[in-house]
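Shown next, in structure tokens, is the structure this report addresses.
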Amino acid sequence: MTNYSTDILFAQKADEQDNLKLYRNAFYFPTMHHRPAIYFCGNSLGLQPKKAKEIIETELEVWRNDAIEGFFTGKHPWLYYQEYVKPTLAKIMGCLPHEVTVMNTLTVNLHLLLMSFYRPTAKKFKILMEAGAFPSDQYAIETVMKHFGLNPATAIIEVAPETGEKILHRNAIIECIEKNAQELALVLIGGIQYYTGQLFDIAAITQAAHKAGAVASFDLAHVAGNVPVQLHEWKVDFAVWCSYKYLNGGPGAIGGVYIHEQYATDTRFPRLGGWWGNDEQERFKMEKGFKPKACASGWNISTTQVMNTAALLASLEIFEAAGMDTIRKKSIALTGYLEYLLQQVNHIPFEIITPAAPEERGAQLSLFFKENGKAIHNKMMEKGIIVDYREPGVIRIAPAPLYCSFQDVYAFYKILRNKF
Ligand SMILES: *Cc1c(COP(=O)(O)O)cnc(C)c1O
């Protein structure tokens with residue numbers, strides 16, 4: 001679908017032919033000016049699946065009626081609650097069900113996984129990340145370094161774009177890994193850069209990290225539910241993500257963790273433990289000696305977060321039915337359409353800083369407005385279109401394919417075209 005046109009009829013026809021159109025009605029849209037808003041912030045907080053209430057209500061009922069017995073009764077005994085999301089999450093993240101688990105939230109999980117995978121030695125102790133990484137990731141790495149008595153100023157290697165550029169070339173990352181191989185212990189890259197929307201070549205970075213004898217790890221906050229990945233096949237060592245962005249799990253949703261099976265099944269692999277990572281059969285015996293499960297859930301620490309995971313379960317039902325490949329296919333067409341329309345707007349000075357190649361981006365386009373950025377953002381909100389604004393002058397717009405339409409994208413374009 002590349003014969004885009006500025007005629008509204010194109011958007012109407014594309015929406016009619018959209019095989020995901022039914023899912024739009026599976027979500028609640030916020031109301032603005034007494035009508036449903038157009039929502040382009042799925043990269044920050046996904047919309048609420050209508051089914052979430054019912055699934056949470058079911059667990060409230062079990063709690064009400066069965067109390068402690070809820071761990072063993074009902075359709076979804078709480079004892080195994082983290083198990084129910086695994087089959088679909090494994091499909092979304094391209095891994096085996098025993099390589100994935102849910103627990104805590106993203107930054108906490110990053111800390112926990114670093115405790116397993118980051119083993120600095122006198123010679124090999126450096127961590128490579130992309131410059132301008134999400135602040136929470138920067139704080140995590142900085143404080144973990146200090147925990148090991150290292151100096152973040154010298155032990156963190158940041159790969160930055162060339163002067164005057166916003167996009168980081170794949171080869172720059174690979175060359176930096178090769179150059180620092182001697183001292184490099186771990187590579188942590190945000191799979192999609194939250195600010196520019198750039199999708200990195202996870203397979204190539206993983207390969208380069210391994211060649212350098214370093215751990216390959218990724219923060220997939222902006223990737224999960226947005227772009228299909230093949231974490232197992234690419235041999236990524238570990239990855240963490242949050243579930244409240246494209247995965248629509250709700251504010252503070254339970255975080256996702258992937259651990260390659262070579263470590264996930266190795267119960268001797270070091271980790272910080274707790275009773276929920278212990279074998280269920282042994283857990284309540286209260287015996288000495290932590291015996292982790294031989295899967296990613298061997299990293300679970302505390303009691304399963306039932307309500308939180310229930311909300312995610314509601315969303316994953318939609319992903320299971322829609323299929324990640326279909327979602328991605330529409331996403332490429334929808335974001336391509338947005339890009340095409342933006343290219344027709346010539347009277348406002350702005351730049352799309354997200355890469356143009358579909359394989360180098362997900363749903364999001366980041367637009368840098370040389371002037372009037374805030375005014376344009378205000379106008380969008382006034383017109384019932386929710387987009388994200390970041391100083392200086394960047395509007396991030398993410399048409400999430402499960403609930404955004406071609407006509408939504410057209411409405412954004414129409415305002416830009418007419419009002420500025
Ligand atoms: C959203 C996001 C986070 C959020 O971390 P939490 O611990 O869930 O608050 C972290 N890293 C990246 C790259 C993100 O985009």
Of the residues in segment 143-195 that are touching a residue at least 60 places away in the same chain (Cβ under 8 Å) and more than 23 Å from the chain's Cα centre (by Cα), the one that is most open to solvent (accessible area, probe 1.4 Å) is 183
Report yes if residue 58 is over 24 Å from residue 297 (Cα atoms) and part of a helix (DSSP H, G or I), otherwise no.
yes
Find all pairs meeting these conditions: Cβ atoms under 9 angstrom apart; at least six residues apart or on different chains; first residue within segment 99-110 and within 12 Å of residue 242 (Cβ to Cβ) and open to solvent by 10 Å² or more (accessible area, probe 1.4 Å); second residue more than 8 Å from the ligand (Cβ to nearest atom) and among the acidic types (Asp, Glu).
none
Look at segment 115-142 and say how many of its residues are touching a residue at least 40 places away in the same chain (Cβ under 8 Å) and within 14 Å of the ligand (Cβ to nearest atom).
7
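Has segment 287-299 got at least one residue that is polar (S, T, N, Q) and surrounded by fewer than 17 Cβ atoms within 10 Å (Cβ to Cβ)?
No, segment 287-299 contains no residue that is polar (S, T, N, Q) and surrounded by fewer than 17 Cβ atoms within 10 Å (Cβ to Cβ).
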Residue in segment 211-226 that is least open to solvent (accessible area, probe 1.4 Å), counting only those that are out of contact with any strand residue (DSSP E or B) (no Cβ under 6 Å at 6 or more places or on another chain) and away from the ligand (no atom under 13 Å from the Cβ)
213
Looking only at segment 124-135, how many residues end up being small (Gly, Ala, Ser) and exposed (fewer than 14 other Cβ atoms within 10 Å of the Cβ)?
1
Give the residue that is modelled with the highest pLDDT, with candidates limited to residues of segment 369-410 that are more than 19 Å from residue 46 (Cα to Cα), crowded, with 18+ Cβ neighbours inside 10 Å and of a type outside the set (Val, Ile, Thr).
410
Collect the residues in segment 72-89 that are surrounded by fewer than 19 Cβ atoms within 10 Å (Cβ to Cβ) and either farther than 14 Å from residue 310 by Cα or free of Cβ contacts under 8 Å to residues at least 40 places away in the same chain (or both), keeping them in residue-number order.
72, 73, 74, 75, 77, 87
Pairing a residue in segment 8-32 that is without any contact (Cβ under 8 Å) to a residue 24 or more places away in the chain with any residue that is of a type outside the set (A, V, I, L, M) and surrounded by 13 or more Cβ atoms within 10 Å (Cβ to Cβ), where Cβ atoms lie under 7 Å and the two sit 6 or more apart in sequence or on different chains, gives 28/48; 28/50
In segment 279-323, anything in contact with a helix residue (DSSP H, G or I) (Cβ under 7 Å, 6 or more places away or on another chain) and in a loop (DSSP other than H, G, I, E, B) is listed as 291, 293, 295, 300, 301, 302, 303, 304
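The values are calculated or read from the model by the stated rules, or taken from the named source; none is laboratory data. All of these numbers come straight from a predicted model, not from anything done at the bench. Neighbour counts are summed over all protein chains in view; Cβ atoms, including those assigned to glycine, are modelled from backbone coordinates with ideal geometry. We work out accessible area using only protein heavy atoms, side chains counted, and drop any ligands, DNA or RNA first. Shrake-Rupley method; radii C 1.70, N 1.55, O 1.52, S 1.80 Å.
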